[in-house]
Structures are given as structure tokens and as C-alpha cells.
1. Considering only the range 333-371, how many residues are within 15 Å of the ligand (Cβ to nearest atom), touching a Leu at 6+ places or on another chain (Cβ under 8 Å) and part of a loop (DSSP other than H, G, I, E, B)?
2. What are the residues in the range 134-158 that are β-branched (Val, Ile, Thr), within 18 Å of residue 423 (Cβ to Cβ) and not in a loop (DSSP other than H, G, I, E, B), if any?
3. Would a scan of the range 109-126 turn up a residue that is open to solvent by 50 Å² or more (accessible area, probe 1.4 Å), aliphatic (A, V, I, L, M) and out of contact with any strand residue (DSSP E or B) (no Cβ under 8 Å at 6 or more places or on another chain)?
4. Condition test on residue 311, is it crowded, with 18+ Cβ neighbours inside 10 Å and more than 29 Å from residue 71 (Cα to Cα)?
5. What number of residues in the range 204-256 are within 16 Å of the ligand (Cβ to nearest atom) and free of Cβ contacts under 8 Å to residues at least 40 places away in the same chain?
6. Say we look at the range 39-72 and pick out the residues that are more than 30 Å from residue 132 (Cβ to Cβ) and in a helix (DSSP H, G or I); which of these is farthest from the ligand (Cβ to nearest atom)?
7. Which residue, of 442, 384, is in contact (Cβ under 8 Å) with a residue 60 or more places away in the chain and either among the basic types (Lys, Arg) or surrounded by 23 or more Cβ atoms within 10 Å (Cβ to Cβ) (or both)?
8. Taking the options 41, 5, name whichever one is more than 24 Å from residue 442 (Cβ to Cβ) and buried (at least 23 other Cβ atoms within 10 Å of the Cβ).
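The values are calculated or read from the model by the stated rules, or taken from the named source; none is laboratory data. All figures in this text were calculated on a predicted structure; none of them were measured in a lab. Neighbour counts run over all protein chains shown; Cβ positions are idealised from the backbone, glycine included. SASA here: full protein model, heavy atoms, side chains in, ligands and nucleic acids out. Shrake-Rupley method; radii C 1.70, N 1.55, O 1.52, S 1.80 Å.
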Amino acid sequence: MDTTVETRDPITDDIDAVIIGAGFAGLYMNQRLRDQMGLRVQVFETGEGVGGTWYWNRYPGARCDSESYIYCYSFDKDLMQEWEWSGKYPEQPEILRYLNHVADRHDLRRNIAFQTRVTSAHWDEADHRWTVQTDRGDTVRCQFLITAIGCLSTGQVPKIPGLDSFQGDWYHTGAWPHEGVDFTGKRVGVIGTGSSGVQSIPRIAEQAGHLTVFQRTAQYTVPARHGTVDKAFLDDIKTRYEDVYEYCRRSAGGQPYTLSERSALTVSDEERAAVFEAAWQEGGFKFLTATFNDIALDRRANDTASEFIRAKIRETVKDPEVAEKLVPVDHPFTSKRPLIDTHYFETYNRDNVTLVDIRHAPIEEITPTGIRTTDGEYELDVIVFATGFDAMTGPFFRMDIQGKDGLKLKDKWEHGPLTYLGVSTVGFPNLFMITGPGSPSVLSNMPVSIEQHVEWIGDVVEHMRAEGVETMEADQQAETEWVAHVNEIAAATMFMLADSWYLGANIPGKPRVFMPYVGGVGAYRQKCDEVRDAGYEGFNLSPAATPVAGA
Ligand code: N01
């Protein structure tokens, strides 16, 4: 990866807004505030270019699980018509090309400082300004601080003893070298079988001399049936694009699929199997949405889907012993992030692939020449950590964010994130979080949720300027009630039945709190609209001359 840092003078402006991050969220927020509303905006971005998630996650096989025609912005209607996606699902290089195109088309780079990490943001109650500092010596003061930092941008490499001694190369999927990695003839070990592992393992296996997969938890995954996309299909979508996108905006997951209205428990075994089989053949998230309406909610309904997938694994994997290791038995389907794959289980039929069950024989250490588990040592030239992220709160905690009276965000969220609508948190006026914890975010098709937040925050700023409001801060009662609501509806789902990053379970010591809002993007949008239409109910709005309550 080219790590040359271009020299530039420190930025020392007093402006309207700082946006942290230049991925899907930061780019649109910039366009909204700067171009649509005329604010003076500074964007800071750690990467050398735009793209966020899609700038960093360049591992083999990286692509999105949402279909390409719906994994894009809808604010630029001409672009929706012009852009031609090449595959059913958008692959990382194509998404990055798309985001670069958006940045060029809207001239969005000129107020982005690249290769710059925000280190701190402190609220000054005396003049109601944020002071934002970076690792490049910038000090920018602003009225609005907007985080567009992603939910999965803080990679976690587990602290396994001996990594420093390893003589081969190692990589994390979320910080992949731009020049790629040549695995030809190499003995490769992949730790982790989440989305990144399931996508990269088949591709690495095709190239490596030998691939050893270290699996802690077996996964349910459904075929993606990825391939080129029919141009006639896309052309048809374009004739009714706004309707399709609007459907997503009002849906549960921001996806264009019609939800089944039937329970899995109301049909015969034969009919249920036929429904699952049809969805399995079609591939993708329709297995979740278009089959039955209670898979994620009712344990008995869920068992039917879980069992169907288990049977598929046993059918696909030739070696019965390997198949049994790959069959998930300790958690129900949909309790962890649902996965879709391309030839994942088939990969274990290859002669050059070995599966190691580290649930029963855990990794003890990394040695200079490989990985030692309690069962033996595996010699490796390369280790790939597909071990995920310190999700949702991790990206915030990398910065020293301090609100009123020096309150540190890290301290306030010590026992889990506390937000109102996932967009604001008490004690941090004029801080707005795009797809923050407590919003649908990672449980949805991200561009749909991002656009909704960007537009809602844009409306807030417009309202404040029109009404002479200088600060806006969530009300304590509103925040408490929202957090309780987020927890209450999560408790009724399968999500509580597995150790997942949604619950912070992948990070040792992280509080076990379900972080995203599971109520659906449609219901959430309605709530946000109601809050706005009621004059920002649940927020305290203060004019310039009036000190904020508690100041
Ligand atoms: O990370 P993960 P990811 N020792 O946390 C294992 C999005 N995404 O990068 O399940 C051994 O899901 C861990 O095991 P376990 C998507 O939202 C989207 O794959 O905790 N193993 C698990 O197998 C996704 O959910 C796309 O027992 C360890 C794996 O590593 C999210 O990003 C593509 C370990 C981590 O799985 C994160 O996905 C990629 C340890 N100490 C990512 N620590 C698409 O849209 C962790 N593991 C397609």
C-alpha cells in the first residue's frame, strides 16, 4: 500500500460543519450541507481516497450482499439512470469506482482533507463550538460535528500470543493491501468465518497451495447466485426506480423484496421444503424475506429454516466429518448476521483445503512458522485475519470526543451506547451521528439508511438556521426511552441467542448490549419524521443568546 503522505499546511478554520469520513455517508453529507445548503464544510478522511468501507476492504471476493441496483444513492436521479452495474451484487472495485465517480461528478474532493485522522473533538460551552483536531496538526472550530465514520471501520486483530514472532505475512481483511496479495503456492491460514471469511475463503482456496481455515463458529449461509446482471432487468428497474427505492425506504431492511405474509408453521412439510428450495435456488436475502414471515421471530419457525440449511451443508460437503464441523448447532439462523456466499461449502471438497475446529481445539499461540492449536501445529506462510471489527462504538472510541463539562463519550458509553434515535446523545450538543448505534444501520441496506440520516440531519441544520437556533441536544428522557425501546424490541428476536458483534460479544470486555435498532427502516423513518414534524420533539433547542440548560 502506498503510504506516502502528501505535505500540506495545517487547516485552522472557523467554519460551519466538520464531517468525519468520506464514504457513502460523508460524501452525501458534504454534498447536502455544502452544495445544497451553502455551508462552509470541512471533511476529514483517514484514507488516501474516498470510499470508506470500500476503500479499505479489498480482500479477494469482497462485494456487497445487497443487489447492485439498490446499493447506491437515490439523491442524484440522473446518475441512477446513467450508471450501469455489471453484476447482480456490486463487487468492491465497482463500488469504489462508483463512489469516486460521485465524488468527481459533484466535485466533492475539494474540501476533503485526505490521509488525516481526527484525533479529538471537544465541545466549548462558552461559544457553542466544537474544536476538532487531527493527526496532521489541524485545529478547526465548527458549529456542527457530523460523524460519518461507518459502523465497521475499526478492525480487530485478536491478541493471540506470538503474532509478533510470525515470520510470514499477515493481513486483516478490513485493511487489505491496495496492490493485492499473491497467494500462489502459499500455505495460507484464514481465521474467521463471518462475511469476510465466507467471501474470501473460496477465492483464496483457488490460488493458495494449501488453505487452512480456523473456524470458531460454524455458519449458516445461503448461496448468493452471483453473476452478471440482465440489462433488460436493470432497464426495467430504471423505468420505475423511484418507486423501487421508495419501497426500500419504507421496508424493514431497506431491501426491494416483497415480504412473505405466511408463517412457516402454517404449511405442510412438503410445501415448506419447496418454498425454501425455490429461495435457495434463487439465492440471496430472499431466503429470509420471501419465504416465511416468522423465521427471525419464532424459534419453531426458525428451526425449520435452520434445519433446511443444515441439510444443505451435509448434502454439499462430501466428507461427513468435515460436514458435521460446518453444521451450526449452537445458535439459530439469523441470530448472527445472515450470510450469502459463492461456493463456500463446496470449497471444503477441495484437496487443498483443511478445516480446523478451534471451538474444540482453540488456538494457543502463533509461532514463527504457523499457528498452534491444542491439537497440533499448522505451518503457514500467510495468515489472514477475517476476525471482524469493534463494531459501532469502536470507531467513536478511537477519537477523544468530549461534550459538555468535559464529559467523554467513552465514559458516557462505558456500559453500552446511549443515544436518541441513534443520531444524537445527551451532553454532546450539535453532534450528529450518521447511522449511529440505536439506528437501523447495519441491519439495513446501508445507502438507504445513510440517505435518510443525511437528509434528516440536513433538515435539522436548515431548521436551526431558519429559526435562529444555535444548539440542539437530545433530551434525557427521550434518550432513556429510546434506549429502552431499542433493547425491548431486540429482546423479541433471535439476535439475543448468539454471540455476535451486534452484541459486542466479539470484543473481550465489551458490554453485552444489542447496538442497532431492529424495528426496521420504515418504522424508524416514520419516527424520525414525526420527531421533525413535531418541532424536534425530544430535543432541546437553544437560541444563540440563551445559555443551554445545565451549562
Ligand atoms: O466479521 P465477523 P466480518 N479467534 O465479526 C471469528 C459486514 N460485512 O469481517 O463467530 C478466533 O462477522 C469469529 O468467530 P465467532 C457485515 O455486516 C459485509 O466477517 O465470533 N476466531 C467470526 O467467525 C458483517 O457481519 C459484507 O465465534 C475469531 C469471524 O472471526 C460485518 O461486516 C462483507 C476471533 C469474524 O466475523 C463483519 O464481518 C464483509 C478469535 N479471537 C463484511 N475473533 C458484505 O456485505 C473473531 N473470530 C458481503
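1. Total satisfying the criteria: 3.
2. Of the range 134-158, the ones β-branched (Val, Ile, Thr) are 134, 139-140, 146-147, 149, 154, 157.
The next check asks that each one be within 18 Å of residue 423 (Cβ to Cβ); those that pass are 146-147, 149.
Matches in the range 134-158: 146, 147.
3. The initial filter retains those residues of the range 109-126 that are open to solvent by 50 Å² or more (accessible area, probe 1.4 Å), namely 109-110, 117, 119, 122, 124, 126.
Imposing the further condition that a residue be aliphatic (A, V, I, L, M) reduces the set to 126.
Filter again for out of contact with any strand residue (DSSP E or B) (no Cβ under 8 Å at 6 or more places or on another chain), leaving 126.
Yes, the conditions are met somewhere in the range 109-126.
4. Details: crowded, with 18+ Cβ neighbours inside 10 Å: no; more than 29 Å from residue 71 (Cα to Cα): yes.
Answer is no for this residue.
5. Summing the residues that are within 16 Å of the ligand (Cβ to nearest atom) and free of Cβ contacts under 8 Å to residues at least 40 places away in the same chain in the range 204-256 gives 0.
6. 69
7. Details: 442 fails: either among the basic types (Lys, Arg) or surrounded by 23 or more Cβ atoms within 10 Å (Cβ to Cβ) (or both).
Just a single option satisfies the conditions, and that option is 384.
8. On the way: 5 fails: buried (at least 23 other Cβ atoms within 10 Å of the Cβ).
That would be 41, the only listed residue that is more than 24 Å from residue 442 (Cβ to Cβ) and buried (at least 23 other Cβ atoms within 10 Å of the Cβ).
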